[in-house]
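The values are calculated or read from the model by the stated rules, or taken from the named source; none is laboratory data. All of these numbers come straight from a predicted model, not from anything done at the bench. Neighbour counts are summed over all protein chains in view; Cβ atoms, including those assigned to glycine, are modelled from backbone coordinates with ideal geometry.
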């Protein structure tokens with residue numbers, strides 16, 4: 001069993017401003033993703049949403065999924081969701097690439113269908129990656145300091 005990965009202090013600052021229920025969902029979903037692919041890199045952003053992006057390299061373009069946290073909800077986003085098979089029609093959205101699953105409770109993602117979709121997204125990202133990553137299993141903050 002691998003050691004749980006700590007949250008970056010920059011991300012924790014903004015996360016602490018969120019509703020406790022959102023924080024709990026985020027932490028469990030993050031743990032679920034990291035258990036499925038412990039060697040992924042986690043890229044952290046604070047833009048229109050506080051977002052943890054999970055990538056097979058240190059590049060955003062090689063990301064397989066993300067968790068954007070908005071004011072009162074969060075999603076499990078798939079960066080190249082339109083290119084995934086999604087046999088159970090779990091994904092929604094209208095963008096050219098990104099699709100997501102609305103997350104309101106743990107059962108929205110803690111199930112075999114979502115697990116299979118994340119695993120497919122990981123495999124797709126690995127096969128689509130141009131160059132191997134310099135980093136493995138790192139958390140990298142892209143959050144600008146105040």
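Summary table
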{"item": "Restricting the stretch 82-93 to residues that are in contact with a strand residue (DSSP E or B) (Cβ under 9 Å, 6 or more places away or on another chain) and free of Cβ contacts under 8 Å to residues at least 24 places away in the same chain, the residue that is surrounded by the fewest Cβ atoms within 10 Å (Cβ to Cβ)", "result": "92"}
{"item": "Only listed residue being more than 23 Å from residue 116 (Cα to Cα) and either buried (at least 17 other Cβ atoms within 10 Å of the Cβ) or at pLDDT below 95 (or both), chosen from 7, 43", "result": "7"}
{"item": "Test for residue 76: is it touching a residue at least 24 places away in the same chain (Cβ under 8 Å), within 16 Å of residue 120 (Cα to Cα) and either in contact with a helix residue (DSSP H, G or I) (Cβ under 9 Å, 6 or more places away or on another chain) or crowded, with 16+ Cβ neighbours inside 10 Å (or both)", "result": "yes"}
{"item": "The stretch 129-146, residues that are out of contact with any helix residue (DSSP H, G or I) (no Cβ under 7 Å at 6 or more places or on another chain) and assigned to a strand (DSSP E or B)", "result": "139, 140"}
{"item": "Search result, residues across the stretch 94-128 that are in a loop (DSSP other than H, G, I, E, B) and buried (at least 16 other Cβ atoms within 10 Å of the Cβ)", "result": "98, 109"}
{"item": "Residues that are under 17 Å from residue 101 (Cα atoms) and touching a residue at least 60 places away in the same chain (Cβ under 8 Å), drawn from the stretch 8-35", "result": "25, 28, 29, 32, 33"}
